[in-house]
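Below is one structure; the comments refer to it alone.
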Amino acid sequence: MARPRRELRAAVEESTTPPDQLTKAQSLARVIKAEGNHLYTCSLPNQRTILVELAARFRNTIWIRRGGFVLVQLTPPEERKGKVEGEIVNVVGIEKEWRKQSYWPKEFARFTYEDDEDEDSTVGKMPPSDSEDEN
């Protein structure tokens, strides 16, 4: 049986509005890889990789893409069971709204292409001909 629509709407609404502040145990993270069984490998702003579990209320309602951002609640080391270091408590839905918050890490700045890289690009160019190499 499918979940009621009100649960789906509540999950989507929660992910679109960022919280005003983060607690000490919360951190934003970038999703690196989906491991399966609602487990994800994420990268924290300090470049440390962790294994986190998706909260039950988001399962089968919100999909997380690789490279997306999530809000992680880290578990204290003495309470951890196994390799899972925390839980995904929120998914960044509208990234533009989240980036406006003061707690957004500078390490997750937008990637911009520089003009120098465009000069070396071979996109849309013909491959070098063999006759030029024989001369």
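Scan (1) under 26 Å from ARG5 (Cα atoms); (2) at pLDDT 90 or above; (3) over 17 Å from the mean Cα position of the chain (by Cα) for the single condition LYS83 breaks and write down its number.
Answer for LYS83: the failing condition is (1).
Quick one: is THR49 without any contact (Cβ under 8 Å) to a residue 12 or more places away in the chain and under 25 Å from LYS106 (Cα atoms)?
On the way: without any contact (Cβ under 8 Å) to a residue 12 or more places away in the chain: no; under 25 Å from LYS106 (Cα atoms): yes.
No: the conditions fail for THR49.
Restricting to region 60-98, what's the tally of residues that are more than 16 Å from TYR40 (Cα to Cα) and in contact with a Ser or Thr (Cβ under 6 Å, 6 or more places away or on another chain)?
Here the count works out to 2.
If ARG30 satisfies every condition in (1) in contact (Cβ under 8 Å) with a residue 12 or more places away in the chain; (2) out of contact with any Pro (no Cβ under 9 Å at 6 or more places or on another chain) but one, which is the exception?
(2)
Of all residues in region 29-49 being touching a helix residue (DSSP H, G or I) at 6+ places or on another chain (Cβ under 8 Å) and not in a strand (DSSP E or B), which is surrounded by the most Cβ atoms within 10 Å (Cβ to Cβ)?
Of everything passing the filter in region 29-49, PRO45 is surrounded by the most Cβ atoms within 10 Å (Cβ to Cβ).
Please verify whether region 68-78 includes one or more residues that are out of contact with any Pro (no Cβ under 9 Å at 6 or more places or on another chain), more than 17 Å from PHE108 (Cα to Cα), of a type in the set (Phe, Trp, Tyr) and outside any loop (DSSP other than H, G, I, E, B).
No, region 68-78 contains no residue that is out of contact with any Pro (no Cβ under 9 Å at 6 or more places or on another chain), more than 17 Å from PHE108 (Cα to Cα), of a type in the set (Phe, Trp, Tyr) and outside any loop (DSSP other than H, G, I, E, B).
The values are calculated or read from the model by the stated rules, or taken from the named source; none is laboratory data. Only a predicted model underlies this, so the values are computations on that prediction, with no experimental measurement involved. So basically every Cβ, Gly included, is an ideal-geometry build from the backbone, and we count neighbours across all protein chains shown.
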